[in-house]
Amino acid sequence: MAGNGVASIGECMLELSGQTGPNWRMGFAGDTFNTLWALHALSKDRPATYVSAFGDDPFSQGQIGFFAENGIGIGSSPIIPGARPGLYAITLTGAERSFTYWRGDAAARQLASDPAALSKNLENQALVYFSGITLAILDDAARKTLLEAVAKARAAGSLIAFDPNYRPRLWRNRESAQAAIVEALGVTDITLPTFPDEQMLFEDATPRATAERLRQWVGEVVVKNGEQPALIAESGTLHDVPAIHVAAAVDTTGAGDSFNGGYLAARLAGHGPREAASRAHRVAAAVVQVRGALAPFETLRAAFEN
């Protein structure tokens, strides 16, 4: 039987943002961590575990310490001697961001190196979350190990949520991304795709086409589309849930990830899909008004409860 906790699987990186001349602010972020950050803020009575692999360098130690300070554990995630975290820098044009990455030898690529530890991390979780980036950083054998562990957690009662989050530069080719994502959908209960990603990867013409395609594998589909309405497909019905326009957006980094965290927190709290999407839109709107991917917990909670 599933427990009360929430677990998110993937890569948390060093984040350089807020450039002022030659100076940068360093933080920690990554798609699945950003989602867990929001989910933990909004489900504060649930134990939160970030499932990854970490180095033994000072930056990895600082990362793990930052998690602990904010109530997030790493469970039995392996510590790899000599390894280190990946790094990315955010460059802004207005509020829109672009990224430069240094992640080829990141420790997180070894998150499935200990199958027993990975399975243990997913035991007794109310919710397990992962993404297409989680899949993309792993080789074929490690990806198989991951999906087997997720399927085992699902069979034991955990709710499985997955954001395909397609990033072409992380994949060998489009076909390998399609195959891996479809396989992941087969062990998923809630999927939270972004329409432009799905259009690029699967050539969907509309958000409705995305929802209809994904419903063959997943019972609950939430198609995000920036400032356009989110499309909810659940129990054989489709519903648009309007987004919130933010006139003074500061930084859009992490908006979709935070939407996911807000949506999943609302669903775990017993709200229906449409109410969950409305709350998630409010959370995303709050996040784009701060710099970096992680908004303060108080900011997230105020938006969620508003």
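The values are calculated or read from the model by the stated rules, or taken from the named source; none is laboratory data. Values in this document were obtained by computation on a predicted structure and should not be read as measured data. Here the Cβ is made from the backbone with ideal geometry for all residues, glycine too, and neighbour counts use every protein chain on show. Just so you know, the surface numbers come from the protein's heavy atoms only, side chains and all, with ligands and any DNA or RNA stripped out. Shrake-Rupley method; radii C 1.70, N 1.55, O 1.52, S 1.80 Å.
Computed values, structure above
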read-out	value
Value of relative contact order over the range 147-194, rounded to a whole percent, pairs C-alpha under 8 Å and six or more apart	54
Length released on extending from SER235 to HIS271, taking residue separation times 0.36 nm less the Cα-Cα span	11.5 nm
Carbon + sulfur, % of accessible area of the range 243-306 - ligands and nucleic acids excluded, 1.4 Å	50
Selection from LEU36, ALA89, GLY62 lying farthest towards where the dipole of the range 1-102 points positive, charges on Cβ	LEU36
Net charge of Cβ neighbours under 13 Å - reference ARG109; Lys, Arg +1; Asp, Glu -1	-1
Relative contact order of the chain, defined on C-alpha pairs under 8 angstrom at six or more residues apart (%)	17
Percent carbon-and-sulfur accessible area, the range 96-201, ignoring ligands, DNA and RNA, probe 1.4 Å	50
Accessible area in square angstrom per residue, the chain, 1.4 angstrom probe	41
Dipole magnitude of the chain about its Cα centre (Cβ charges: Lys, Arg +1; Asp, Glu -1), debye to nearest 20	120
Rg/Rg_ref, the chain, where Rg_ref = 2.2 N^0.38 Å and atoms are Cα	0.92
Förster radius 22 Å - calculated FRET efficiency between ARG291 and PHE59 (Cβ-Cβ, nearest 0.05)	0.60
Relative contact order of the range 182-306, defined on C-alpha pairs under 8 angstrom at six or more residues apart (%)	18
Listed residues SER235, SER113, SER131, most fluctuating in the chain (Gaussian network, C-alpha, under 10 Å)	SER235
Alpha-carbon spread of the range 66-190, three principal axes, descending order, Å	45, 37, 29
Two-site FRET efficiency, LEU92 against THR299, from Cβ-Cβ distance with R₀ of 22 Å, rounded to 0.05	0.70
Local electrostatic count, ARG167, Cβ distance below 10 Å [Lys/Arg +1, Asp/Glu -1]	-1
Estimated dipole of the range 167-306 in Debye, rounded to 20 [Cβ of Lys and Arg +1, of Asp and Glu -1, Cα centre]	200
Distant-in-sequence amide H partners of VAL51 (H built 1.01 Å from N, under 5 Å)	SER8, ILE9, GLY10
